[in-house]
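Have a look at the structure below before the remarks.
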């Protein structure tokens, strides 16, 4: 007897008894199975929570590291770029100026480095259990969000301390953050998939992140770059967001075209990242 | 009439083997290699190099499983059992063919997948459950059952890295055992824990199969397969040789394995190696007479005859003793005993003397491996079979119960602290 094709069953319930699954050899590009991803949302939650819980286990300072890391970076940058190199900060106190940019940048760079190595460090899981592989880089990007939330609190305190006025602009910060998340997911999924086959990327990613930071207006403002070269800066999807963050927190007007370009670029990166990931994910268990 | 739960159609899986020639390299070769290697490696990673050795782990395997059927999969090491399970559980994709199944498959290829040593037992139960596809509600409902089954109540909030390995495995199995899938795929995870826990697991597995759940089980443990499975599939070198009712398939499996593979000339099967030295025969001797059954505790010797196909100075031999199921028990090697075997002429033979044979009663199979100058020259699997009969190994008339262990060893016991 053949499996009756009429047995379609309840398509909404992936885990239902009537659901038919077909396993075939991988064939090129295929669509992201959102339904399946949704069915595994609890695993995404569990892995994200695991990453968060584990990160500061057996450290003395524990979650305080979440605050210490960006604060230290801010102090170093303030001394080197603010005091010694005297990089202009558009009239705002340099510490707040650089911290407002470090906020999304730290999230982004951590997301790239953790998601880049995420699949390889979950090799055990990948080679022993099935689940949509996308969950792995997703959860490592997700785990960074909590740090972002905490360090945003620190920024608000810094603003009070340096007497920077709050403006309604700040309400747009969550939307900008969403853009950064998409951008990080796009680049992160590509890097994680590439690292599975080519471990070279473990060494490439740290350099890449470092260089990328200097190509992004983090320690300097967009205004620091001569007008005729500014379009080059805009090709970097993070430029619009970082500049947008400064506008949101420091109250300077938004550069809508820069943000628009960033949104377009990060959506493109996200689509590319997920598509590439989908194409190669079925090979992971064999090569990891 | 029962419905089909799984239908496997012409599944094949090909792996690409690395073809790096091993051996010593000169410094100059190492230097030039440092430049050429990345290019070669890139080609290999992209899978475009043509000189790669390809290997079919599974070749055109088809079968179907009815709902509620408990299927055992048997076969010697490398027969493709684990690959089949990995394809069924969607961990790796088949190279060709198609599988259709109804419902949800949960696979247990390993216990404790995703356990994090830093997290507590409680946290790990939730994470492991989620990884295996349970919802939070499922886990919460069965939480007490899981904890009780594992017997770790007191240590629930201790990081699992502080658990004893037994506790760790019990907790891991407990989570898995409380899964509720339509189809359960299990790979030898029962080979864990102490005897009492194994019995508990076996009981749990029986419950699962009695519930009318479809189960696919890989095991080397024939008695377990016999007690759990209604049908058995027999894989050999990636092909499905036989699938049917348990006792029938197991009979052919065992008789196939224990056939005195017509010695010497009649050895069939692949003979990997460069062929510089080739084994031509092997015999089991006792007091200079050829035998096929020896007693435990007797002094015995294996005699390997070989031929040389080129001038060689350094030749080595290894005898591997396995159970009929293919579980490796002993390696006896000229390497370990620091013996150098001198050779001359075209043929010769070498003797391996084993005093006080410590194998338990049963049937065993012998593989021969020949090497020359650090390279594999010949390998004959299942070159011969022999039986070990009951014997008084310890001199007290007692030996461990049959089926508990494969080997015994000399031992001395004494009470400490008593003057």
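Since every read-out is calculated from the coordinates, none of them should be taken as a lab result. Just so we're clear, the structure is a prediction, and the values are computed from it rather than from any experiment. Glycine gets a Cβ as well: all are built from the backbone with ideal geometry, and neighbour counts include every protein chain shown.
Normalising by the residue count of the stretch B:56-257, find the relative contact order in percent from Cα pairs under 8 Å and 6+ residues apart.
36
Please identify, among A:237, A:137, A:174, the residue showing maximal mean-square fluctuation in a Gaussian network model of chain A using a 10 angstrom Cα cutoff.
A:174
Could you let me know the centre-to-centre spacing of the stretch B:80-128 and the stretch B:359-419, using Cα atoms, in angstrom?
The stretch B:80-128 and the stretch B:359-419 have Cα centres separated by 35 Å.
Using a 10 angstrom cutoff on alpha carbons, build the Gaussian network for chain A and name the most mobile of A:143, A:100, A:275.
A:275
Where does each of B:399, B:319, B:74 land when they are ranked from fewest to most other beta-carbon atoms within 10 angstrom?
Ordered by Cβ neighbours within 10 Å, fewest first: B:399, B:319, B:74.
222 nm [θ] for the protein assembly as shown, helices only, -39500 (n - 2.57) per DSSP H run of 4+, per residue, to 500?
Computed ellipticity for the protein assembly as shown at 222 nm equals -13000 deg cm²/dmol.
For chain A, set up a Gaussian network in which alpha carbons nearer than 10 Å are linked by springs, and say which option among A:142, A:163, A:188 fluctuates the most.
Maximum fluctuation in the GNM of chain A, among the listed residues, is at A:163.
Normalized C-alpha radius of gyration of chain B, against 2.2 N^0.38 Å? Spell out each step's value before the answer.
Details: Rg = 25.3 Å, N = 419, 2.2 N^0.38 = 21.8 Å.
Scaled against compact globular proteins, the figure is 1.16.
What is the fewest-to-most order of B:104, A:230, B:54, A:246 by other Cβ atoms lying within 10 Å of their Cβ? Please report the intermediate quantities before stating the final value.
Working: B:104 20, A:230 15, B:54 10, A:246 27.
Lowest count first: B:54, A:230, B:104, A:246.
I'm checking a number: the convex hull volume of the Cα atoms of the stretch B:56-257, normalised per residue, in Å³. What is it?
121
Please work out the C-alpha center-to-center distance from the stretch A:56-131 to the stretch B:216-240 and express it in whole Å.
About 52 Å separates the Cα centre of the stretch A:56-131 from the one of the stretch B:216-240.
What is the gain in length, in nm to one decimal, between residue B:3 and residue B:226 on full extension, counting 0.36 nm per residue of separation less the C-alpha to C-alpha distance?
Length gained, residue B:3 through residue B:226: 77.9 nm.
Distance from the Cα centre of the stretch B:153-188 to that of the stretch A:139-191, in angstrom?
Result: 38 Å between the Cα centres.
Please give the FRET efficiency for residue B:402 paired with residue A:123, using the beta carbon to beta carbon distance and R0 = 35 Å, rounded to the nearest 0.05.
Numbers: r = 41 Å, r/R0 = 1.16.
Computed FRET efficiency for residue B:402 and residue A:123 comes out at 0.30.
Tell me, in nm to one decimal, what length is gained between residue B:356 and residue B:373 on full extension, where the rule is 0.36 nm per residue of separation less the Cα-Cα distance?
Additional length available on full extension: 3.0 nm.
Specify, per residue and in Å³, the volume enclosed by the convex hull of the alpha carbon atoms belonging to the stretch A:34-287.
With only Cα atoms used, the stretch A:34-287 gives 137 Å³ per residue.
Can you give the direction-averaged projected area of the convex hull of the alpha-carbon atoms in the protein assembly as shown, in nm²?
In nm², the orientation-averaged hull projection of the protein assembly as shown is 43.1.
Label-point separation (nm) for residue B:207 and residue A:154, each offset 7 Å from Cα along Cα-to-Cβ?
So the two model labels end up 5.0 nm from each other.
With 10 angstrom as the radius, rank B:414, A:177, A:20, A:234 by how many other C-beta atoms surround their C-beta, starting from the fewest.
B:414, A:20, A:234, A:177
May I ask you to derive the FRET efficiency for residue B:413 and residue B:346 from their Cβ-Cβ distance with R0 = 30 Å, giving the value to the nearest 0.05?
The calculated FRET efficiency here is 0.05.
As an exercise, use a Förster radius of 22 Å and the Cβ-Cβ distance of residue B:314 and residue B:336 to find the FRET efficiency, rounded to the nearest 0.05.
FRET efficiency, residue B:314 to residue B:336: 0.90.
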